[in-house]
Amino acid sequence: MDPEFQLQLIRAVARGERPAFEELYQVTGPKLYGVAMQLMRSPERAEEALQEAFVKIWHNAGDYHQGRGSVMTWMSSIVRYRCIDLLRSKSAKEDRQDSLDEEGAPELIAPEQPEDPENQALERCMETLDTHDLQYIHLAYYRGLTHAEIQEHTGTPLGTVKSWIRRGLQRLKRCLEE
């Protein structure tokens, strides 16, 4: 979608024009739903996050400043932050705990564009990590758990959690630089 058109729509939304908001939802909703699905991993939760994000967009459209990035970037960040808020809520923690217990060891998540050389390199490098490094990076970056939540889930001391994540990220960086 044309960024200039998005800008016109968000300005109209800031003026309280409902038809512009409906059109903005129609043209950006599918992409933003994809953003929500990446984080929430559940259609129902993604829809909930997207709906709440659009309410926030409606109320805060006047806060958008073109100099800080595109309309889509601004709206994507609102969706991401709403997803993170929901993931951190108590009920989300319980659901994630249940799904983590059922899943066992983490699996690599397939990149969105497998033909992309950068994604292939990252996948190759992820496969070289130690089990602990992979598990903790997976919990932190793919599941969105904080260090404290990982400590609680695994029973591993907080310093060890941080060390394994840091060490794993350093190995990934070295591998990707090769």
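The values are calculated or read from the model by the stated rules, or taken from the named source; none is laboratory data. It should be emphasised that the depicted structure is a prediction, and the values quoted were computed from it without experimental measurement. Cβ coordinates were reconstructed from backbone atoms using ideal geometry, including for glycine residues, and neighbour counts include every protein chain displayed. Surface areas here come from the heavy atoms of the whole protein model, side chains and all, with no ligands, DNA or RNA. Shrake-Rupley method; radii C 1.70, N 1.55, O 1.52, S 1.80 Å.
The single condition among (1) farther than 23 Å from THR146 by Cα; (2) open to solvent by less than 50 Å² (accessible area, probe 1.4 Å) that VAL35 does not meet is (1).
Here's the yes/no breakdown for (1) under 30 Å from PHE54 (Cβ atoms); (2) in a helix (DSSP H, G or I); (3) at pLDDT below 75; (4) out of contact with any helix residue (DSSP H, G or I) (no Cβ under 6 Å at 6 or more places or on another chain):
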site: LEU87; (1), (2), (3), (4): yes, yes, no, yes
site: ASP98; (1), (2), (3), (4): yes, yes, yes, yes
site: ALA110; (1), (2), (3), (4): yes, no, yes, yes
site: GLN120; (1), (2), (3), (4): no, yes, no, yes
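For first residues located in region 16-36 and at pLDDT 95 or above, partners that are of a type outside the set (A, V, I, L, M) and exposed (fewer than 14 other Cβ atoms within 10 Å of the Cβ) and lie 6+ apart or on another chain with Cβ distances below 7 Å do not occur. Among what's in region 137-178 and is within 17 Å of LEU39 (Cα to Cα) and of a type in the set (Phe, Trp, Tyr), pick the residue that is modelled with the highest pLDDT. That would be TYR141. Of the candidates ARG11, ARG41, ARG45, the single residue that is more than 28 Å from LEU145 (Cα to Cα) and among the basic types (Lys, Arg) is ARG11.
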